[in-house]
1. Along the range 149-154, what does the Karplus equation 6.51 cos²θ - 1.76 cosθ + 1.60 (θ = phi - 60°) give for ³J(HN,Hα), rounded to whole Hz, x for Gly and Pro?
2. Going by average Cβ neighbours within 10 Å, how do the peptides 109-121, 35-47, 130-142 rank, with the highest at the top?
3. Return the FRET efficiency for the residue pair residue 50, residue 70: r is the Cβ-Cβ distance, R0 is 45 Å, and the value is rounded to the nearest 0.05.
4. So, R0 is 25 Å and r is the distance between the beta-carbons of residue 164 and residue 130; what FRET efficiency does that work out to, to 0.05?
5. Short version: ³J(HN,Hα) in whole Hz for each residue of the range 55-71, in order, from phi by Karplus 6.51 cos²θ - 1.76 cosθ + 1.60 (θ = phi - 60°), x for Gly and Pro, what are they?
Amino acid sequence: MYSFIKLILLYPYPYQTFAFIIVALVFIVIALPVCGIYKLIMRKMTERTSFIFNRILSIAGIYLLSLFFAEITVTLITQHQVNKQLGFNYATPETPEGEPFLITRVVPGKTMDEAGLKKDDIVQMWNTCHLYRLLINNQGKEVSFLVLRDKKEITIRVRVPEMELSLRRVSFLI
């Protein structure tokens, strides 16, 4: 736990205090009561039931961890498919305003190029998942979002084509 708190405090980002407060609240509201309930349950169990209960908790933990990594993998694959089909790439530089992200590549002739997106534009959205959700959920429609180009806000209007996203239905994050 100490190393996790140390990581939060050493990594500078705009909402660091808010994140630290949320972690502390989650620890106090969820982790401590769950730990207390676990200890109460364990006191009343025999050695055999205690072993079985711990085995079930271990299996459930491994299952949840596997689901988490599978979800992250599916989300990254879906984002890559969107990038490839619409013709853009991004990076997330440290920015003091929040979490906007930098466009690092726009493929000439692809959808995002035709919409007017340029390399080094800064997309003014909370995070990349919001952009992907906007693009994926509005296939066949026109969407718009703000970018910062040469310190000026510009609205990019994109007619999102129908995309082939084989794993989109599996992902919960997008």
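1. In residue order, the calculated couplings are 10, 6, 6, 10, 7, 10 Hz.
2. Values: 109-121: 16.7, 35-47: 10.0, 130-142: 14.5.
Most protected by this proxy first, the peptides run 109-121, 130-142, 35-47.
3. Numbers: r = 30 Å, r/R0 = 0.68.
E(calc), rounded to 0.05, equals 0.90.
4. Details: r = 22 Å, r/R0 = 0.88.
Efficiency computed from Cβ-Cβ geometry: 0.70.
5. Coupling constants for the range 55-71: 5, 4, 4, 5, 5, 4, x, 5, 4, 5, 5, 5, 4, 4, 5, 5, 4 Hz.
The numbers here are math on the coordinates, done by the rules we state, and not lab data. None of the values given here were measured: they were computed from a predicted structure. Every residue, glycine as well, gets a Cβ built from its backbone with ideal geometry; the counts of neighbours run over all protein chains shown.
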